[in-house]
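Heads up, the thing below is written out as structure tokens.
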Amino acid sequence: MNKTLEKDKNQIADLLKNVTEQALNFVENIDSRFTTSAQTTQKEIQSLADKGIGAQQSLQQFVQKYDDILVASTGPRYWGFVTGGATPAALVGDWLASVYDQNTQAIKGDGDISAQIEFETIAMLLDLFDLPKDFLGGFVTGATLSNFTCLAVARQWLGKQKGFDIAKEGMRTDLNFLSATPHSSAIKSLSMLGVGSNNLTLVNTLNGNREAIDMDNLETQIQMIDTQEFILISSAGTVNTVDFDDFKAIAKLREKYNFWWHIDAAFGGFAACSPKFKSLLEGWHDADSITIDCHKWLNVPYESAVYFIKEKHKLLQVATFQNSNAPYLGDPLESFNYLNFLPENSRRLRALPAWFTLKAYGKEGYQEIVERNVELTNNFAGLINDHQAFKVLAPIHLNTVCFTLSDESKDSGEFLSRLNKTGVVFMSPTVFAGKKAIRAALVNWRTTQKDIELAFAAMLKSL
Ligand SMILES: *Cc1c(COP(=O)(O)O)cnc(C)c1O
């Protein structure tokens, strides 16, 4: 064995203690850490040395070079994009996923049982969202990959309606996709799936600054499709205004038309955690597939998301993802293996952080996080509304504030750039109803009223 490697092996206890100390330093000071690294200069990119320096010195060098410029994206005032943090229990699960270093594939056979942990986590998530158990689920790296996975099975379904096995034969026919306000990652998925993002037909949204589907227009668009079979990409939480499509109405539409119903509920699905907001999702259990991001409102570290696909579609799912050229024999759930159900083959024990945080905080824990984030969002919107310099652009549906400067001669992009450079808070630019705007999305478990006040004070200073 290489001498340095052997030395590290013998010093693993000290090494892990030092890492813990370093981690504590980061976690315990997250409140005061900058939310931007815009002020720092680029670091020199070094080449690989012949002789290694060992883990201990690598840690020291890493901390010296990078630690103070890593941003507090996991902290309480990182409101750009939709950025979750990591609960203490999730962090424990994430560390252990590396320690155990399983390759999570099969349930039975000669393999390990880590897929069983994933099954249990999926069952707990279905409980959290109050969804029925006739969904099969699995972990992928993010909502983009979840949308991809769901839409890949949808593509296979639509091919089958037209007499084609697209997984085997490739695209032989045009497919119709309809959506009102799809997330960019759904469009990206259509590109990756080879169905062509131009084949997405945009349906009108409801009047009055809404981003939800206009159901009348949807029906008009459906009637223009030759065969009338199609895939509907609906939204539980659009990124600008967290708008929800009318799932009860969509469920009713299935009595008349033959379509695959997908819901992108990346973060909006967490409305199910609170009796106050649950009605936004009424009817969603009828969908064929649902995307949920875990590295957003579940507050587990990146890279974590799940897909839920109705079990009745399991043969289509396996036809899409099976890792062998032989036709799948028998019931794929009998000798279950994740590599026949999703894009990746080898996978880490990605469910473990979610398993820990769900065990640790339960339904009540998530209800509290969701309700607190929404309450703080409303408080923040209140401060903005009450000040003459700003105006809120869209109604607050849940956990996002979309606002801009009242004085339209001023550039909100320049203001945002000044604000983000303070390092106190981080928000994203967006465009809403044709106007340049700013968006703050609150999904972090650490955020409190004090953070709302700190952020607003930074906004006033940046005017
Ligand atoms: C964040 C988000 C995605 C993409 O998620 P990633 O985790 O970045 O892949 C997709 N859809 C919606 C609605 C989102 O909010």
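The values are calculated or read from the model by the stated rules, or taken from the named source; none is laboratory data. All values reported here derive from a predicted model rather than from experimental measurement. Here the Cβ is made from the backbone with ideal geometry for all residues, glycine too, and neighbour counts use every protein chain on show.
The figures follow:
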| read-out | value |
| --- | --- |
| Filtered residues of region 301-328 (kept if within 16 Å of the ligand (Cβ to nearest atom) and not in a strand (DSSP E or B)) | PRO301, TYR302, GLU303, SER304 |
| Top-ranked residue in region 245-264 [being within 16 Å of the ligand (Cβ to nearest atom) and crowded, with 24+ Cβ neighbours inside 10 Å; ranked as farthest from VAL374 (Cα to Cα)] | HIS262 |
| Hey, ASP331 more than 30 Å from ASN147 (Cβ to Cβ) and either over 21 Å from the mean Cα position of the chain (by Cα) or among the aliphatic types (A, V, I, L, M) (or both) or not | no |
| Only one of GLN64, GLN56, GLN60 that is in contact (Cβ under 8 Å) with a residue 40 or more places away in the chain, in a helix (DSSP H, G or I) and of a type in the set (S, T, N, Q) | GLN56 |
| Residue list for region 265-300, restricted to those being within 12 Å of the ligand (Cβ to nearest atom) and either surrounded by fewer than 24 Cβ atoms within 10 Å (Cβ to Cβ) or part of a loop (DSSP other than H, G, I, E, B) (or both) | ALA265, ALA266, PHE267, CYS294, HIS295, LYS296, TRP297, LEU298, VAL300 |
| Residue check for ASN207: touching a Cys at 6+ places or on another chain (Cβ under 8 Å) and either within 16 Å of the ligand (Cβ to nearest atom) or part of a loop (DSSP other than H, G, I, E, B) (or both) | no |
| Test for ALA212: is it modelled with pLDDT of 95 or more, within 15 Å of the ligand (Cβ to nearest atom) and more than 19 Å from the chain's Cα centre (by Cα) | yes |
| Considering residues of region 112-139 that are outside any helix (DSSP H, G or I) and without any contact (Cβ under 8 Å) to a residue 60 or more places away in the chain only, the residue farthest from HIS285 (Cα to Cα) | ASP112 |
| Tally of residues being part of a loop (DSSP other than H, G, I, E, B) and buried (at least 19 other Cβ atoms within 10 Å of the Cβ) across region 384-420 | 5 |
| Which listed residue, of VAL195, VAL242, is touching a residue at least 40 places away in the same chain (Cβ under 8 Å) and away from the ligand (no atom under 15 Å from the Cβ) | VAL195 |
| Residue match in region 220-228 (condition: within 26 Å of VAL392 (Cα to Cα) and not hydrophobic (A, V, I, L, M, F, W, C)) | no |
| Qualifying residue in region 92-99 (condition: free of Cβ contacts under 8 Å to residues at least 40 places away in the same chain, surrounded by 14 or more Cβ atoms within 10 Å (Cβ to Cβ) and away from the ligand (no atom under 16 Å from the Cβ)) | yes |
| Cβ pairs under 6 Å, 6+ apart, first in region 140-155 and within 18 Å of LEU298 (Cα to Cα), second in a strand (DSSP E or B) and more than 7 Å from the ligand (Cβ to nearest atom) | SER146/VAL140; SER146/TYR307 |
| Residue within region 421-433 that is part of a loop (DSSP other than H, G, I, E, B) and over 20 Å from SER462 (Cβ atoms) present | yes |
| Candidate set from region 165-191 (those that are part of a loop (DSSP other than H, G, I, E, B) and crowded, with 17+ Cβ neighbours inside 10 Å); member that is nearest to the chain's Cα centre (by Cα) | HIS183 |
| Filter result for the condition that a residue is outside any helix (DSSP H, G or I), out of contact with any Cys (no Cβ under 9 Å at 6 or more places or on another chain), touching a residue at least 60 places away in the same chain (Cβ under 8 Å) and within 16 Å of the ligand (Cβ to nearest atom), over GLY80, GLY84 | GLY80 |
| Qualifying residue in region 249-258 (condition: hydrophobic (A, V, I, L, M, F, W, C) and either in contact (Cβ under 8 Å) with a residue 60 or more places away in the chain or closer than 21 Å to MET124 by Cβ (or both)) | no |
| Any hit, region 409-425, residues being of a type in the set (Phe, Trp, Tyr) and closer than 26 Å to GLY237 by Cα | no |
| Residue among ALA360, ALA381 that alone is buried (at least 19 other Cβ atoms within 10 Å of the Cβ), in a helix (DSSP H, G or I) and away from the ligand (no atom under 16 Å from the Cβ) | ALA381 |
| Region 193-203: number of residues that are surrounded by fewer than 15 Cβ atoms within 10 Å (Cβ to Cβ) and outside any strand (DSSP E or B) | 4 |
| Failed item, numbered, when LEU352 is tested on (1) under 22 Å from the mean Cα position of the chain (by Cα); (2) modelled with pLDDT under 95 | (2) |
